[in-house]
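Worksheet: one structure, shown below.
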Amino acid sequence: MRTKTLILTAALSAAGVATSMAQVYSVNAVGYVNTTLKPGYNLISNPLIAANNTIGSLFQGVPNLTQVSKFVKTEANPTGSFVTGTYSTILGRWNSTDANFANMTLVPGEGVFVRNPGTTDLTVTFVGEVPQGTLSTPLPQGLSIVSSQVPQSGTATDLGLPVANLDQVHQWDPAANGGAGGYRTSTYSTILNGWSGSPLGTLKVGEAFFFNKRSAGAGTWTRTFSVNQ
Amino acid sequence: MKKALIALAATLVALSASAQGLVLFDTLAVDFQVRGPGNVAPGSGITAQLFQVGAGGALTPLTPATTFLGTDVPEAARVYTVPVEVAVPGVAPGVAANLVFRAYEGSSFETASVKGETAPFSVILGGGLLPAANLDALTGQSLTLVPEPSTIALGVLGAAALLFRRRK
């Protein structure tokens, strides 16, 4: 297996824990990831397992009018739609049509749009444990926003995303269309034995993307990871 | 489903009021195959273009147009278009637009000697924060381009004239 580059912006500190007389150690790796938000919309993930993975906790201290939009699919709405909250310093909380917005979670493997209302870059810092072990990300049929649970950069192929004929990866580029943002779309084709449309871009640690699972039924993106590999 | 689409449309409009609806003009993504006369891939001289159906059935060309995949891909793939993203003016993301697919030889569909088109079909547009919409209504269908009747007539006349001269 090709060694992938594990990218974190701080040194990891490992806490070893002896689990039994058999001297088997589990190592928890903790650290932080700084994610840069360009002015406008950014499609990002929470790459670490925080003590509190709610939107309200993860995005504490953001500027006034910062918006977070999560793409939600339910039985009643299987196509999916965005639920958006706007942080208001006047209210001192998130304002949304969903009263429970601040308690919605963002865990590794998911993603959200974050709108930076300013004209300069904004940095959001995620702190927590690196996900390890067997990591499974649900891939429902149709559109969903997903991200690599393993905090590595690479193309969707490099990161082990399982694809079938006509599945699509839509990677958001906040600088496209004069800063309004736009997608680079890649469609997997068994006829081409590869990707049509835009070449697969490199996904950064902390970056999410839209995946369109065109084949019937749900799938799972599974990877096994340890910081020791 | 309709309520979900309306809610989605409202969200998208609120998020980006100035965004146009977008279509991913990629026939490979929906397995919509186009062939020329003789059941062969269209080739480099054929243009593919989407048109918006307006009031009274008037067709407005959308840009960019595109061409078909060439000899750098397997032969089975040359019946599909080179992907481009097409904006539909005046129609917001999450709202349905009626479109027609046309393929033609030469500079315009009207003057083309070889051409073909689909019946109108509906697409709920992407755009805003959603990816461009696929042409799902064309999934699994096919279109064969045919020579224009004037072209056929000239060909028949020419063949008849040649036969007449030989008999003489």
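List of remarks:
- Comparing A:VAL72, A:VAL127, A:VAL112 in a Gaussian network model of chain A, where Cα atoms under 10 Å apart are tied by springs, the biggest mean-square fluctuation is seen for A:VAL72.
- Scanning residues 5 or more positions from A:GLY118 or on other chains, those with amide H under 5 Å from its amide H are A:GLY40, with H placed 1.01 Å from N in the peptide plane.
- The range A:169-176 - phi-based ³J(HN,Hα) in whole Hz, Karplus 6.51/-1.76/1.60, Gly and Pro as x: 10, 10, 9, 7, 10, x, 8, 5
- Extension gain, A:THR157 to A:ALA218: 0.36 nm times the residue separation minus the Cα-Cα distance gives 20.1 nm.
- In this label model, A:VAL30 and A:ASN165 are separated by 5.0 nm, measuring between points 7 Å along each Cα→Cβ vector.
- Derived scalar couplings ³J(HN,Hα) [the range B:106-121; Karplus, 6.51 cos²θ - 1.76 cosθ + 1.60; whole Hz; x for Gly, Pro]: x, 8, 8, 5, 5, 9, 5, 8, 9, 6, x, 8, 8, 6, x, 9
- J(HN,Hα) series, the range B:126-140, from Karplus relation 6.51 cos²θ - 1.76 cosθ + 1.60, nearest Hz, glycine and proline x: x, x, x, 8, 8, x, 4, 7, 6, 7, 4, 5, 9, 3, x
- For chain A, averaging the sequence separation of C-alpha pairs within contact (under 8 Å, six or more residues apart) and dividing by the residue count gives a relative contact order of 24 percent.
- Total accessible surface hidden between B and A, rounded to 100 Å², 1.4 Å probe: 2000
- Other-chain or far-sequence residues with amide H under 5 Å of A:LEU139's (modelled H): A:GLY219, A:THR220, A:TRP221
- Sequence ranges B:71-77, B:113-119, B:46-52, ranked by mean other-Cβ count within 10 angstrom, highest first: B:46-52, B:113-119, B:71-77
- Cα gyration tensor, the range B:16-97 - rounded (a/c under 1.5), prolate or oblate: prolate
- In Å², nearest 10: area of A:LEU122 left accessible to a 1.4 Å probe: 30
- Average beta-carbon neighbours from other chains, 10 Å sphere, peptide A:73-79: 3
The values are calculated or read from the model by the stated rules, or taken from the named source; none is laboratory data. Quick caveat: nothing in here was measured; it's all calculated off a predicted structure. No Cβ is skipped: glycine too gets one built from the backbone with ideal geometry, and neighbour counts run over all protein chains shown. SASA here: full protein model, heavy atoms, side chains in, ligands and nucleic acids out. Shrake-Rupley method; radii C 1.70, N 1.55, O 1.52, S 1.80 Å.
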